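A.B. asks: Attaching a single structure in structure tokens format; questions to follow.
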Amino acid sequence: MRIVVMGVTSTGKSLMGRMLADALGGTFIDGDDLHPKSNVAKMARGEPLNDMDRAPWLDLVGQRLAQGQGTVVVASSALKRIYRDRIRKHAGSVIFVHLTGPREVIAERMKAREGHFMPVSLLDSQLATLEGFVPGEIAVEVDITRPPARILGDILNRLRALG
């Protein structure tokens, strides 16, 4: 099983990705660790990434999914359909778990984070970039305003429902 836990910054992708991988007996990969240094530096300066910046990173996300054995869970923003298509180009069938919530909740989480390269100023550009799912994409959306254990339970129930 190939799963991408996705969403804008500070929705809990890394936390929920780790929890999901543990629950499924799989491997977790944090997509933030796959960004080239130039992307991290650009975001740290408060500059949003463009499609060209993201392309090699998305290729690497898809490749790492494809190379994994058993269940592999990757945390990755995957905000646009073309980004998700690029990941699928390398990894084949992928289930996307979209963590979503109100802007105010996400902004508060961003402010509370310490030592992360993503400034609060980039939240609006990420929300503007985010594209909904289209028919044919295998995806579930999960509300982040609950405790992590409840979010994980919801994800697992929705994955079971997919078959």
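A.B. asks: Quick one: net charge of Pro102's neighbours, Cβ under 13 Å, K/R +1, D/E -1? Mind dumping the intermediate values first?
C.D. replies: Values: positive: Arg103, Arg109, Arg146; negative: Glu104, Glu108, Asp143.
Result for the neighbourhood of Pro102: 0.
A.B. asks: Further, regarding this structure: Using alpha carbons only, how many angstrom separate the centre of the stretch 126-148 from the centre of the stretch 1-65?
C.D. replies: So the separation of the two Cα centres works out to 15 Å.
A.B. asks: Okay, moving on. If r is the Cβ-Cβ distance from Ala161 to Ser38 and R0 is 30 Å, what FRET efficiency results, to the nearest 0.05?
C.D. replies: On the way: r = 40 Å, r/R0 = 1.34.
Working from the Cβ atoms, E equals 0.15.
A.B. asks: Here is a further query. Have a look at Gln126, Met16, His90 and report the one farthest towards the positive end of the charge dipole of the stretch 13-163, computed about the Cα centre with Cβ charges (Lys/Arg +1, Asp/Glu -1).
C.D. replies: Checking the options against the dipole of the stretch 13-163, the answer is His90.
A.B. asks: How far apart, in nanometres, would the label points at Ile138 and Asp85 be if each is projected 7 angstrom from Cα along the Cα-to-Cβ direction?
C.D. replies: A separation of 2.0 nm, rounded to one decimal place.
A.B. asks: Right, here's the next one. Report, by chain and number, residues whose modeled amide H sits under 5 Å from the one on Thr27, excluding near sequence neighbours (fewer than 5 apart, same chain).
C.D. replies: Thr71, Val72, Val73
A.B. asks: Let me ask you something else. How much of the accessible area of the stretch 8-135, probe 1.4 Å, is carbon plus sulfur, in whole percent?
C.D. replies: Of the solvent-accessible surface of the stretch 8-135, carbon and sulfur hold 52 percent.
A.B. asks: Which residues in the stretch 126-145 have a backbone N closer than 20 Å to a point placed 7 Å from the Cα of Val105 along the Cα-to-Cβ line?
C.D. replies: Answer for this model: 126-133, 139-145.
A.B. asks: Divide by every residue of the chain the summed helix terms, -39500 (n - 2.57) for each DSSP H run of at least 4, and state the resulting mean residue ellipticity at 222 nm, rounded to the nearest 500 deg cm²/dmol. Don't skip to the answer; put the middle values down first.
C.D. replies: On the way: 7 runs with 80 residues, N = 163.
After summing the helix terms and dividing by residue count, I get -15000 deg cm²/dmol.
A.B. asks: So what are the three principal axis dimensions of the chain from its Cα atoms, in whole Å, longest to shortest?
C.D. replies: 42, 33, 29
The values are calculated or read from the model by the stated rules, or taken from the named source; none is laboratory data. Because the structure is a prediction, the values reported are computed rather than measured. Positions of Cβ are backbone-derived with ideal geometry, glycine not excepted, and every protein chain shown enters the neighbour counts. For the accessible areas, the whole protein counts, side chains as well, though only heavy atoms, and no ligand, DNA or RNA atoms are used. Shrake-Rupley method; radii C 1.70, N 1.55, O 1.52, S 1.80 Å.
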